[in-house]
Amino acid sequence: MKQLKRILITGGAGFVGSGLSIFLKKNHPEFEVYAFDNLKRRGSELNLTRLREAGVNFIHGDVRAKSDFEDLPIVDLLIDASAEPSVLAGIDSSPNYLIETNLYGTINCLNFAQKCKAKVIFVSTSRIYPISQLERISTIETETRFEIASNPGVEGCTKNGITEKFPIEGPRSLYGATKLSSELIIQEFDSFLNVNSIINRCGVITGPYQMGKVDQGVVVLWVAKHIFNKSLAYIGYGGTGKQVRDILHIEDLCRLIESQILNFELFQGSTYNVGGGRECSVSLSELTELSARINNCSIPINKIMENRAADIKLYITDNTKINSVLGWKPIWNPEMIIEDVSKWIIDNKVILEPILS
């Protein structure tokens, strides 16, 4: 199998895309890496200097526009990391941009990959799993969090978290629906059009250079509000802050995708749940404690009893399938992640305060 050295990363100036671009170029100088992005998200322009200094080729373009793919260089691999990542997108506003970016954009990427005879790695999301099915999981309540019960009561859920066999019938958010639709189209291109692919369903990804908001990027948002002395709120589930997510440092995701690039045939044609797992999970309450302790501060936390649209009580990834292929597992733990994010924000306070505060 030929080496995959010419790589196009869509969403290349975003958090995941820029992190991947820089990581791959740094660790594999022989790679020719192209970062393709429309720079719509505020803060993405801050990554252009980082990309240039790393030797990554930036191309301004939009995955929604077929014409923007016409003059792109021929590549061996396309990593689709472009997305409108908000779980609330399309719920309180028009869904058009969401659908055009997350679904039509992926189709444009696949057509380009077919033209190049390139392979595809798709950055999907754990939000493809339906809310009603996740809410069926039996949980226990501890002092600081919700936990999966010893008998979860739902197929595809173990005491370690959600596996790839978890049910997918039911509503999941418009965001999750666009990503699942893209997964299905990718599988068709793989089976019938010879576009070999890998799908990674990622949990909460975080780390420096993420421009956090309340509907995505919550870890960075939480730390930033502490550093800039702003208030936060526990929304839903009684206002206790016990809802739980596993979190994955961007570097751990980059290590995994690097392994997939170098050993593509081992992963090809498969879908993997990828996340921090039980060992790297936090509740909002625990995230507050970590952020306050590491930054030696305290901020007001409001309580809103009513649940927010499309929210879930708990999501933890069972990484068994992906771990079984090459033994990959996350290195970063929650405390290390919060320390890393805090240092980045403090070192760049003047630039980041208008964006994150």
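Details
- Close pairs from segment 104-119: first touching a residue at least 60 places away in the same chain (Cβ under 8 Å) and within 15 Å of Arg6 (Cα to Cα), partner assigned to a helix (DSSP H, G or I) and not aromatic (Phe, Trp, Tyr), Cβ under 7 Å, at least 6 apart: none
- All positions within segment 143-158 that are touching a residue at least 12 places away in the same chain (Cβ under 8 Å) and of a type in the set (S, T, N, Q): Thr144, Asn151, Thr158
- In segment 1-45, the qualifying residues are those that are part of a loop (DSSP other than H, G, I, E, B) and basic (Lys, Arg), and the one that is nearest to Ile121 (Cα to Cα) is Lys5.
- Tally of residues being in contact with a helix residue (DSSP H, G or I) (Cβ under 7 Å, 6 or more places away or on another chain) and buried (at least 19 other Cβ atoms within 10 Å of the Cβ) across segment 17-57: 16
- Residues of segment 310-324 classified as more than 22 Å from Thr142 (Cα to Cα) and surrounded by 13 or more Cβ atoms within 10 Å (Cβ to Cβ), total: 6
- Annotation: Gly327 fulfils all but one of (1) closer than 30 Å to Glu164 by Cβ; (2) loosely packed, with under 15 Cβ neighbours inside 10 Å; (3) in contact with a His (Cβ under 9 Å, 6 or more places away or on another chain); (4) not acidic (Asp, Glu); the unmet one is (3).
- Only one of the numbered conditions (1) in contact with a Gly (Cβ under 7 Å, 6 or more places away or on another chain); (2) buried (at least 17 other Cβ atoms within 10 Å of the Cβ) is violated by Ala89, and that is (1).
- Segment 92-118, residues that are farther than 16 Å from Gly11 by Cα and crowded, with 21+ Cβ neighbours inside 10 Å: Ala118
- So Asp80, is it among the charged types (D, E, K, R), buried (at least 24 other Cβ atoms within 10 Å of the Cβ) and either at pLDDT 95 or above or under 17 Å from the mean Cα position of the chain (by Cα) (or both): yes
- Subset of segment 167-181 that is small (Gly, Ala, Ser) and surrounded by fewer than 21 Cβ atoms within 10 Å (Cβ to Cβ) - its residue that is farthest from the chain's Cα centre (by Cα): Gly170
- Residues in segment 145-165 that are assigned to a loop (DSSP other than H, G, I, E, B) and either closer than 17 Å to Ser324 by Cβ or of a type in the set (A, V, I, L, M) (or both): Ala149, Val154, Gly156, Asn160, Thr163, Glu164, Lys165.
- Hey, Ile337 in contact with a His (Cβ under 7 Å, 6 or more places away or on another chain), under 22 Å from Val244 (Cα atoms), β-branched (Val, Ile, Thr) and surrounded by 14 or more Cβ atoms within 10 Å (Cβ to Cβ) or not: yes
The values are calculated or read from the model by the stated rules, or taken from the named source; none is laboratory data. Note that the coordinates shown come from a computational prediction; the quantities given were computed from them, not determined experimentally. All Cβ positions, glycine included, derive from the backbone under ideal geometry; neighbour counts span all protein chains shown.
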